[in-house]
Amino acid sequence: MHRLTLAQIARGLAAKDFSAVELTEALLTRIGALDPQLNSFITVTAEQARAQAQAADARRAAGESGALLGAPIAHKDLFCTKGVRTSCASKVLDNFISPYDATVVEKLAAAGCVSLGKLNMDEFAMGSASESSHYGPVKNPWNTECVPGGSSGGSAAAVAARLIPAATGSDTGGSIRQPAALTNLTGLKPTYGRVSRWGMIAYASSLDQGGPIARTAEDCALLLGAMAGFDPKDSTCVDQPVDDYLAALNRPLAGLRIGLPREYFGAGLDPRLSDAVMACVEELKKLGATVKEIGLPNMQHAIPAYYVIAPAEASSNLSRFDGVRFGYRCENPQNLEDLYKRSRGEGFGAEVKRRIMVGTYALSAGYYDAYYLKAQKIRRLIRSDFIGAFQEVDLILGPTTPNPAWKLGEKSSDPVAAYLEDIYTITANLAGIPGLSMPAGFVDGLPVGVQLLAPYFQEGRLLNVAHQYQQATDWHQRAPEGF
Amino acid sequence: MQWETVIGLEIHAQLATRSKIFSGSATTFGAEPNTQASLIDLGMPGTLPVLNQEAVRMAVKFGLAIDAELGRSNVFARKNYFYPDLPKGYQTSQMDKPIVGKGHLDISLEDGTVKRIGITRAHLEEDAGKSLHEDFHGMTGIDLNRAGTPLLEIVSEPDIRSAKEAVAYVKAIHALVRYLGICDGNMAEGSLRCDCNVSVRPVGQEAFGTRAEIKNVNSFRFIERAINHEVQRQIELIEDGGKVVQETRLYDPNKDETRSMRSKEEANDYRYFPCPDLLPVVIEPDFLDEVRAGLPELPGEKRARFESQFGLSAYDASVLSASRELADYFEQVQTVCGDAKLAANWVMGELSSLLNKDNLEIDRSPVSAAQLGGLILRIKDNTISGKIAKMVFEALAAGEGASADAVIEAKGLKQVTDSGAIEVMLDEVLAANAAQVEQYRASDEAKRAKMFGFFVGQAMKASKGKANPGQVNELLKKKLEG
């Protein structure tokens with residue numbers, strides 16, 4: 001049963017091949033048995049899952065038939081879940097039981113999804129390896145000595161290991177797409193504003209976007225259809241109808257114009273990965289796509305711009321974790337300053353502290369213009385690069401990451417090396433456009449991904465291309481040994 | 001050396017919206033601690049702000065009323081600092097692009113002149129909560145009911161030159177926000193708070209002196225005293241060879257002094273940046289037109305109308321238009337009695353002293369506008385004299401009758417205008433004072449003029465003030481001339 005995709009589960013549940021309760025029990029057992037190898041879950045909510053599964057079965061018995069009714073998923077542990085610890089993988093929120101549900105959580109629950117728990121991640125979503133969690137690093141099911149990518153590494157590892165068919169993630173600089181690539185999954189970062197951020201604990205507000213991680217584009221379409229939509233509680237959420245993503249899947253690709261940015265194929269890219277990308281391009285050509293080279297000249301400035309804007313916003317967003325109202329508070333504070341210093345000093349991990357300090361510096365009087373304002377200018381340039389490119393092509397394609405998964409600990413002492421792993425993904429966040437990563441082969445037995453980028457609100461096009469590719473290839477069907 | 005005072009004021013007006021600026025919580029004053037704090041006000045992880053449109057509308061009203069530049073778009077920014085009653089670790093405010101740009105307000109000074117005070121800007125922001133230091137034995141309690149209450153911070157140019165001008169300006173702002181219905185103006189509850197930036201410079205010098213900011217002065221009286229005290233302190237400091245340092249000071253009304261809170265060096269670097277959770281606010285021309293159409297008559301307009309329509313003096317017009325409630329009261333009295341000058345005299349005279357004596361606001365006046373108007377009508381139609389009218393007014397104030405007519409009737413105060421009755425009464429008075437009558441008739445013109453008043457007094461006394469004074473004069477003269 002654990003090998004089924006969401007779409008197959010929907011058919012199985014509809015055909016009464018099994019019940020949601022049976023499926024949930026099977027997966028809970030599997031999580032109990034296998035997750036100790038991966039550490040992908042922070043919290044397993046077995047009781048709640050059983051109750052939700054029973055409710056889903058009851059709804060089905062009463063005549064309901066939603067595609068996600070009884071579908072098991074789990075949430076990245078930055079989505080607030082009422083009555084359940086929502087930790088952001090931080091000591092700071094280890095004791096935080098959210099009093100409310102995130103909109104994404106609420107919407108998926110309303111659609112009938114059964115949540116099995118909360119997934120591990122980089123602390124406060126800051127990282128590309130899921131090594132910075134207070135609850136220990138997540139391991140890649142394809143090689144448990146390797147990282148699964150990050151920050152949604154728990155989501156990726158759990159789905160790749162078939163512990164759950166799909167999960168929610170969030171993507172601020174690549175945190176859905178990069179772990180999807182490193183674990184042979186399909187992951188979608190929607191257009192900024194497509195999915196509500198209400199209840200998704202903020203890392204960098206102007207870049208954060210929730211989205212699905214699953215094995216297939218079809219499953220991503222199913223989940224996104226339920227997650228997306230206007231939310232009056234999020235001022236940055238866009239009031240625009242949600243496309244029928246499932247209907248979009250089957251459009252033929254004939255005439256699709258694909259752009260290959262020359263900047264994505266330069267130094268730093270593992271040549272074997274480049275080969276995998278080109279093989280994917282050939283496949284898409286067979287499906288009717290045309291290909292041309294394009295330029296995204298400002299991409300070279302993306303990492304510095306991102307590592308100013310994201311930490312700047314984070315330094316402010318994380319100020320509320322002060323030990324006063326919720327979360328970690330140091331023992332016996334002597335006075336207010338001591339309370340602040342020790343609660344935050346003891347509560348936050350090294351990478352979070354590093355970004356808070358970088359962001360605080362970038363916003364400080366005298367540096368604001370040189371860093372923050374300049375970074376915003378670069379951001380506008382990157383956006384116009386994309387807008388220009390999309391005059392010529394319908395889709396931009398390239399590698400999701402420069403390398404396959406690396407060994408645990410390999411880059412944790414060199415933050416800049418880890419930051420460079422985001423090079424292909426962060427431009428989509430800076431521009432706000434949607435991006436998708438899909439499985440595209442293996443290098444040294446480790447999966448690699450191809451990233452597709454589309455104009456604003458063209459998630460349907462991304463899912464369409466990925467689905468058509470997945471109809472013609474079987475990379476995405478390969479499972480890691482032992483899972 | 002002659003010194004000139006330079007003052008700029010920052011006024012925080014709490015906007016009278018029903019809910020908070022970024023959440024749906026109520027803004028009612030005085031609720032049990034933390035009962036009006038939602039997830040958003042508590043700064044719960046994952047929560048996001050949604051701007052209250054009513055707060056925008058109120059700010060725009062203010063902008064239109066001070067003839068300000070209203071930019072097409074304005075931007076919220078985060079002001080970052082740590083404080084226990086600041087739940088998010090930043091205050092959402094406005095920095096580079098405030099909703100209200102440059103405008104001005106005219107104030108009336110005591111000498112009758114009008115001075116124009118520049119207003120640099122006014123911006124929207126959220127209030128913080130309150131730290132409660134009593135009752136917690138070495139700890140601090142936090143009440144977040146006030147957190148997220150919408151404020152309009154109104155920043156003046158350094159155009160103010162004395163404590164009295166400062167008070168006049170604050171009063172004018174106070175009147176304006178109440179006219180506009182955007183702030184209840186209750187200074188005791190902190191609905192209108194004032195930070196005073198004060199510096200001094202030698203008369204004739206163009207450059208400003210170093211300023212000190214006096215935080216949170218919350219009454220007209222304290223504003224005047226705090227500024228006067230601070231000016232004195234700065235002058236003495238400089239004349240003693242010292243230097244004013246840029247700092248934030250606190251006014252202590254009990255000791256009538258200001259004291260240092262923190263210096264410039266200790267000041268926070270607030271690390272302002274545009275709030276990524278809120279979009280720029282775009283003010284559409286249609287919205288502006290709609291707000292403009294709904295503006296009430298403003299103090300300045302009302303003052304001018306009182307002068308032109310009612311022929312009131314500039315002073316009377318400015319006093320009567322100082323608050324919307326007082327102006328409405330006056331106009332109601334005027335409508336009832338049809339005599340603006342009498343109405344003005346009574347409102348500014350008897351009514352004002354009555355209210356002052358009992359420390360009442362006009363909306364709690366024991367004499368209603370209809371009652372006062374009715375009273376003035378009876379003066380005009382000679383039913384009662386001005387003197388009797390004051391008695392009737394006092395009776396109305398004491399609740400001794402529903403209307404002037406009722407009081408006059410019940411107390412039998414109706415003026416006697418029947419000349420026959422007055423003649424009978426005068427005859428009695430003259431008979432009772434026969435000696436004086438003799439003396440009067442023997443006197444010359446000058447002496448007679450003096451003595452005449454005596455007879456009038458006796459006559460009025462005999463009639464218990466009810467005889468029509470004009471008739472008494474006329475008939476008495478006739479009789480004495482004999």
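The values are calculated or read from the model by the stated rules, or taken from the named source; none is laboratory data. Treat the numbers as computed from the prediction; the structure is a model and nothing was measured. Cβ: placed from backbone, ideal geometry, glycine included. Neighbour counts: every protein chain shown. SASA here: full protein model, heavy atoms, side chains in, ligands and nucleic acids out. Shrake-Rupley method; radii C 1.70, N 1.55, O 1.52, S 1.80 Å.
Near B:Thr35: Cβ cut-off under 14 Å, other residues only, Lys/Arg at +1 and Asp/Glu at -1. The net charge is 0. Taking loop as defined by DSSP and a crowding limit of 15 other beta carbons within 10 Å, which trypsin sites (Lys or Arg not before Pro) in region A:377-483 fit? Counting only loop positions with at most 15 other Cβ atoms within 10 Å, the trypsin sites (Lys or Arg not before Pro) in region A:377-483 are A:Arg478. Only one residue of B:Ile119, B:Leu237, B:Gln332 has its Cα farthest out toward the positive end of the dipole of chain B, where Lys and Arg carry +1 and Asp and Glu -1 on Cβ, and that residue is B:Gln332.
With viscosity 0.692 mPa s and temperature 37 °C, the Kirkwood radius over alpha carbon pairs of the protein assembly as shown converts through Stokes-Einstein to a diffusion coefficient of 99 µm²/s. The charge dipole of chain B, taken about its Cα centre with unit charges on the Cβ atoms of Lys, Arg (+1), Asp and Glu (-1) only, comes to about 780 debye. Based on C-alpha pairs under 8 angstrom that are at least 6 apart in sequence, chain A has a relative contact order of 18 percent. In region B:21-132, Cα pairs under 8 Å separated by at least six residues give a relative contact order of 23 percent.
In the context of the full set of protein chains, residues of region B:402-482 present 58 Å² of accessible surface per residue (probe radius 1.4 Å, heavy atoms only). Could you tell me which of A:Ile176, B:Ile142, A:Ser343 has its Cα farthest along the dipole of the protein assembly as shown towards the positive end, charges placed at Cβ (Lys, Arg +1; Asp, Glu -1), taken about the Cα centre? Highest projection toward the positive end goes to A:Ile176.
A Cβ-based charge dipole, computed about the Cα centre of region B:419-481 with Lys and Arg at +1 and Asp and Glu at -1, lands at about 220 debye. Regarding chain A, what whole-number volume in Å³ per residue does the convex hull of its Cα atoms give? Convex hull volume per residue, Cα atoms: 134 Å³. When the chymotrypsin sites (Phe, Trp or Tyr not before Pro) in region B:60-145 are filtered for DSSP coil states and for at most 11 other beta-carbon atoms within 10 Å of their beta-carbon, the remaining sites are B:Phe136.
Stokes-Einstein diffusion for chain B, with the hydrodynamic radius set to the Kirkwood value over Cα pairs and evaluated at 37 °C in a medium of 0.692 mPa s, equals 123 µm²/s.
Hey, how many Å between the Cα centroid of region A:86-100 and the Cα centroid of region B:301-331? Result: 61 Å between the Cα centres. Against the main long axis of the alpha-carbon atoms of chain B, helix B:299-310 sits at an angle near 20°.
Near A:Lys107, once Lys and Arg are set to +1 and Asp and Glu to -1 for all other residues with Cβ below 10 Å from its Cβ, the sum equals -3.
Estimated from helical segments only, the mean residue ellipticity of the protein assembly as shown at 222 nm is -12000 deg cm²/dmol, where each DSSP H run of four or more residues counts as -39500 (n - 2.57). Using the alpha-carbon centroid of each, what span in Å lies between region A:298-348 and region A:241-259? One Cα centre to the other: 42 Å. Which pairs, out of A:Lys353/A:Lys377; B:Lys357/B:Lys464; B:Lys115/B:Lys255; B:Lys130/B:Lys215; B:Lys357/B:Lys387; B:Lys380/B:Lys450, put more than 23 Å between their alpha-carbon atoms? Cα-Cα > 23 Å for A:Lys353/A:Lys377; B:Lys357/B:Lys464; B:Lys115/B:Lys255; B:Lys380/B:Lys450; rest within. Counting only Cβ charges, +1 for Lys and Arg and -1 for Asp and Glu, the dipole size of region B:297-411 around its Cα centre is about 280 debye. Expressed as a rounded percentage, what relative contact order does chain B have, with Cα pairs under 8 Å and six or more residues apart? Once divided by the residue count of chain B, the mean separation gives 14 percent. Per residue, the convex hull spanned by the Cα atoms of region B:5-116 measures out at 170 cubic angstrom.
Relative to one another, the C-alpha centroids of region A:453-470 and region A:1-79 are positioned 27 Å apart.
Only protein heavy atoms count here, probed at 1.4 Å, and on that basis chains A and B bury about 2800 Å² of accessible area in total. The amide H of B:Ser385, built 1.01 Å from its N in the peptide plane, has no neighbour under 5 Å, considering only residues 5 or more places off or on other chains.
With Cα atoms as the point set, the radius of gyration and Dmax of region A:94-187 evaluate to 13.0, 38 Å.
Projecting the Cα positions of B:Leu86, B:Asn468, B:Gly30 onto the charge dipole of chain B (unit charges on Cβ atoms of Lys, Arg, Asp and Glu, taken about the Cα centre) puts B:Asn468 furthest along the positive direction. The trypsin sites (Lys or Arg not before Pro) of region B:147-181 include none that DSSP puts in a loop with a beta carbon having at most 11 other beta carbons within 10 Å.
Across peptide A:320-331, the mean count of Cβ atoms from other chains lying within 10 Å of each residue's own Cβ comes to 4. What's the local net charge at B:Phe220, with K and R +1, D and E -1, over the other residues with C-beta under 13 Å away? So the surrounding residues net to +3. Computed on region B:3-290, the Cα convex hull volume stands at 150 Å³ per residue.
Kirkwood radius, region B:51-160, all distinct C-alpha pairs, inverse of mean reciprocal distance: 15.9 Å.
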